[in-house]
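Chemist: One structure, as C-alpha cells, below. Some questions next.
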Amino acid sequence: DSKRRSRNAWQAFTPALAQTQADRLWMETHLRRAADNGEFHLVYQPQVDLLSGRVVAAEALIRWQNHLLGELRPDRFISHAETTGDIVRIGSWVLREACRQVAAWRDAGLGIVRVAVNVSYRQFVGEDLAEAVQRILDEFHLPGAALELEFTERVLIEDAPDTLRTFADLREMGVVLTIDDFGEGYSALNYLRRLPIHGLKLSQLFVEGVPTNHSDVAVCQAVVGIARSLGLGLVAEGVESEAQRQFLLRLGVPIAQGFLFAPGLKPDEFARRLEQGGLHPSTH
Ligand code: C2E
Ligand code: MG
Ligand code: MG
Ligand code: MG
C-alpha cells in the first residue's frame with residue numbers, strides 16, 4: 001500500500017538513491033539550513049609519527065548531525081555542497097572551528113601543534129582564501145604553522161586564475177600545504193615541481209593492498225620515491241593493520257593515519273587519548 005511504500009522510500013534514502021532529482025533537492029534544502037542550525041561538527045583524526053608513536057597533528061573531518069537522517073559522512077554531502085556553492089560557507093566555518101579548537105589545545109598545553117583542514121577546489125575561486133586564513137589565524141593568535149591545508153588534485157585541474165598566487169601567499173604565511181589522496185586523481189608530475197607544497201598524502205586506495213598486493217606495493221614505493229626525491233613530506237592514509245604499519249615503516253614513510261591508531265574523535269576524546277600517552281597501537 002502507499003503508506004508502506006512512502007515509508008520505505010524514506011528509509012531507503014541511501015547514497016545510491018541520492019542521485020534522483022527529488023533527493024538532490026531535499027539534500028540541498030537541508031544543507032542550506034544545516035549551517036544556520038548548527039548541525040555541523042568536527043571530529044579529529046590523529047596523524048602519528050611511525051617511529052615514536054607521537055601524535056604530530058590532527059585532521060579535522062566534518063560531520064553533519066541531522067535530526068531525521070542521523071549522522072552523515074562528508075561523502076554524502078560535500079559534492080552536493082560543491083555543486084550548489086554552499087561549500088564556500090561550510091568551508092569557512094570548518095576553517096574557523098578547527099583553528100579555534102587547535103588554539104584551545106595549544107593553550108591547554110596538550111602538545112598538539114597543528115590541525116589539518118580539507119579545502120575544496122571551490123574555495124580557491126572568488127574570495128581570497130589566503131586572506132580569509134590570515135584573518136582566522138589572527139583571531140586566534142595562531143602562527144601559520146599551526147594550520148595545514150589539504151587539497152586534492154582537482155584544485156589544479158580547475159586552475160582558477162589566482163590559484164598559484166594563493167598557494168604562494170599561504171606558504172609565505174607558514175601554512176603547511178599538502179596534496180590529499182595522492183595518486184587517485186589526475187596526477188601530472190609536472191605540477192609537483194611548480195607548486196610550493198610541503199607534502200603528499202599517500203591515498204588509502206593503495207595502502208589498502210599492502211603488503212600483499214604487488215601493484216599496490218609498487219605504487220607505494222613509487223610515491224615514497226617521488227616524495228623523497230622532491231623533498232616532500234609524506235603521510236600514509238587509511239592504515240588499519242599492524243602489517244600495513246610495519247610495511248610502511250620499513251618503506252620509510254614517516255607519518256601515518258588510520259583506524260589502527262584512531263578514527264575521527266570528538267575533541268574531548270581526542271584530548272583524553274593524548275593525555276593518556278598518545279596513540280601508539282601498542283598502547284591500546
Ligand atoms: P580524506 O580527507 O581523504 O579523509 C580520510 C577519510 O578516510 C575520512 O573519511 C576518514 O574517516 C577515513 N579513514 C581514516 N582512516 C581510515 C582507515 O583506516 N580505514 C578507512 N576505511 N577509512 C579511514 P570521512 O571523514 O568520511 O571523509 C571523507 C572525505 O570527505 C575526506 O577524505 C575529505 O575529502 C572530505 N571531507 C571531510 N571533511 C571535509 C571538510 O571539512 N571539507 C571538505 N571540503 N571536505 C571534507
Ligand atoms: Mg584529508
Ligand atoms: Mg585523503
Ligand atoms: Mg578521500
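The values are calculated or read from the model by the stated rules, or taken from the named source; none is laboratory data. Here the structure is a predicted model, which means the values were calculated and not measured. Positions of Cβ are generated from backbone atoms using ideal geometry, with glycine treated the same way; all protein chains shown enter the neighbour counts. Heads up: the accessible areas ignore ligands, DNA and RNA and are worked out on the full protein's heavy atoms, side chains in. Shrake-Rupley method; radii C 1.70, N 1.55, O 1.52, S 1.80 Å.
Chemist: Angle, helix 21-36 long axis vs. longest principal axis of the chain, Cα atoms, 0 to 90°, nearest 10?
Modeler: 70 degrees
Chemist: Provide the descending list of Cα extents for region 152-212 along its principal axes, expressed in whole angstroms.
Modeler: Rounded to whole Å, the extents work out to 42, 24, 15 Å.
Chemist: For THR166, THR152, give the ranking by accessible area with the largest first, probe 1.4 Å.
Modeler: Solvent-accessible surface, decreasing: THR152, THR166.
Chemist: For Cα pairs less than 8 Å apart in space and 6+ apart in sequence, what is the mean separation divided by the residue count of the chain, i.e. the relative contact order in percent?
Modeler: After rounding, I find 18 percent.
Chemist: Let me ask something else about it. In whole angstrom, and with the biggest value first, how far do the Cα coordinates of the chain range along each principal axis?
Modeler: 61, 43, 42
Chemist: Along region 255-261, what does the Karplus equation 6.51 cos²θ - 1.76 cosθ + 1.60 (θ = phi - 60°) give for ³J(HN,Hα), rounded to whole Hz, x for Gly and Pro?
Modeler: 9, 9, 9, x, 4, 4, 8
Chemist: Given C-alpha coordinates of region 169-284, what is the ratio Rg to Rh with the Kirkwood estimate of Rh?
Modeler: With Rh from the inverse mean 1/r over Cα pairs, Rg/Rh is 1.00.
Chemist: For the chain, what does -39500 (n - 2.57) per DSSP helix run (n ≥ 4), summed and divided by total residues, give at 222 nm, in deg cm²/dmol to the nearest 500?
Modeler: -14000 deg cm²/dmol
Chemist: If the convex hull of the alpha-carbon atoms of region 45-107 is projected onto planes in all directions, what is the mean projected area in square nanometres?
Modeler: With every direction weighted equally, the projected area is 5.9 nm².
Chemist: Oh, and also: Using a 1.4 Å probe, what is the accessible area per residue for the chain, in Å²? Please report the intermediate quantities before stating the final value.
Modeler: Details: 14170 Å² over 284 residues.
Value for the chain: 50 Å² per residue.
Chemist: Could you run the Karplus curve 6.51 cos²θ - 1.76 cosθ + 1.60 with θ = phi - 60° over region 71-79 and give me ³J(HN,Hα) per residue in whole Hz, x for Gly and Pro?
Modeler: 8, 10, 7, x, 4, 7, 9, 4, 5
Chemist: I would also like to ask the following. Hey, what's the per residue convex hull volume over the C-alpha atoms of region 106-256, in cubic angstrom?
Modeler: Here the figure is 116 Å³ per residue.
Chemist: Note the angle between two axes, namely the Cα long axis of helix 163-172 and the longest principal axis of the Cα atoms of the chain, as a number of degrees from 0 to 90, rounded to the nearest 10.
Modeler: The angle comes out near 50 degrees.
Chemist: Hey, any idea what % of the chain's accessible area is carbon plus sulfur with a 1.4 Å probe? Provide the component values of the computation, followed by the final result.
Modeler: Values: 7180 of 14170 Å².
Answer for the chain: carbon and sulfur cover 51 percent of the accessible area.
Chemist: For region 18-68 and region 166-243, compute the distance between their C-alpha centroids and round to whole Å.
Modeler: Region 18-68 and region 166-243 have Cα centres separated by 23 Å.
Chemist: Now, a different point. What does the charge count around ASN118 come to, taking other residues whose C-beta lies under 9 Å from its C-beta (Lys +1, Arg +1, Asp -1, Glu -1)? Don't skip to the end; give the middle numbers.
Modeler: On the way: positive: none; negative: GLU59, GLU150, ASP180.
Taking every Cβ under 9 Å from that of ASN118, the sum is -3.
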